[in-house]
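Asks: After the structure tokens below, expect a handful of questions from me.
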Amino acid sequence: MKGKFSTMALLLSLAVFFSFTGDVSAAAKKPKDIFAEKYPNEVVKIVKTDDINNDKKKESFILTESGNFYLINSKGRVVLIDTGIISDEDFKQSTIQVFTVSKNEKHVAVTFSYFPSNTQLYVYRLQHGTLSKVLQLMGDQGVMIDSKGKVHQYWKNFRDEGGWDLAEGIFTWSTKTNKYKGSGKYMQRDNS
């Protein structure tokens with residue numbers, strides 16, 4: 001009886017040990033490894049990891065060579081968010097940027113460029129365990145996000161008499177409405 005009890009105690013100890021080390025190794029998995037298990041044929045181009053909803057758990061964002069954009073949520077679940085995020089050849093590569101919009105929230109932006117000289121921007125917010133697109137815009141003279149979390153869109157505003165003025169749209173996140181609020185201005189006159 002004493003031998004059976006020792007054997008049972010040993011087996012139980014081993015089961016607890018291996019279940020604990022299994023949890024540790026799952027938590028220690030890198031985003032690329034988690035992603036590769038679900039999508040082994042996708043080639044990862046960019047990975048960004050950050051806690052965007054201030055819950056002390058990090059999310060990861062992956063952009064692939066094929067232009068697919070994925071979220072790996074804090075539980076390790078891989079979710080396809082968007083497709084077609086790929087720059088035309090000879091243009092600046094697609095990017096992922098995580099930026100702060102309020103004390104408790106960050107957003108994720110992806111940009112890509114295409115002919116003739118356009119930059120497309122999509123901004124996402126974490127809601128209900130996935131990313132929701134909250135802003136989509138294009139700038140034929142560029143798009144950028146400043147250190148205060150404001151999105152700047154630049155484009156050519158053509159004049160009737162010829163030439164164009166550089167115009168700027170500025171988009172700021174409102175925590176009251178959970179939307180981006182836009183404003184704009186003309187910046188400079190081009191003498192073309």
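The values are calculated or read from the model by the stated rules, or taken from the named source; none is laboratory data. Nothing here was measured: the structure is a model prediction, and the numbers come from that model. When we count neighbours, we look across all protein chains shown, and the Cβ atoms used for this are built from the backbone with ideal geometry, even at glycine. Ligands, DNA and RNA are stripped out before the accessible areas are found, and what is left, the full protein with its side chains, is counted by its heavy atoms. Shrake-Rupley method; radii C 1.70, N 1.55, O 1.52, S 1.80 Å.
Asks: Pull up the range 162-174, narrow it to residues that are exposed (fewer than 15 other Cβ atoms within 10 Å of the Cβ) and at pLDDT 95 or above, then point me to the one that is farthest from Q120 (Cα to Cα).
Replies: The selected residue is S174.
Asks: Here's something else I'd like to know. Could you check, for the range 1-10, whether at least one of its residues is at pLDDT below 95, over 17 Å from T95 (Cα atoms), open to solvent by 50 Å² or more (accessible area, probe 1.4 Å) and assigned to a loop (DSSP other than H, G, I, E, B)?
Replies: Yes, some residue in the range 1-10 is at pLDDT below 95, over 17 Å from T95 (Cα atoms), open to solvent by 50 Å² or more (accessible area, probe 1.4 Å) and assigned to a loop (DSSP other than H, G, I, E, B).
Asks: Give me the residue from the range 126-161 that is under 21 Å from I72 (Cβ atoms), part of a strand (DSSP E or B) and without any contact (Cβ under 8 Å) to a residue 60 or more places away in the chain and, out of that set, most open to solvent (accessible area, probe 1.4 Å).
Replies: K133
Asks: Could you check the range 35-57 and list, in sequence order, the residues that are in a strand (DSSP E or B), basic (K, R) and closer than 25 Å to N104 by Cβ?
Replies: K48
Asks: Tell me the strands (runs of 3 or more DSSP E) entirely within the range 58-125 that contain at least 3 residues that are within 18 Å of Y180 (Cβ to Cβ) and open to solvent by less than 50 Å² (accessible area, probe 1.4 Å).
Replies: Filter on the range 58-125 gives 95-102, 105-114.
Asks: Would you please name the residue that is farthest from I34 (Cα to Cα), looking only at residues in the range 47-57 that are buried (at least 16 other Cβ atoms within 10 Å of the Cβ) and touching a Ser or Thr at 6+ places or on another chain (Cβ under 8 Å)?
Replies: K48
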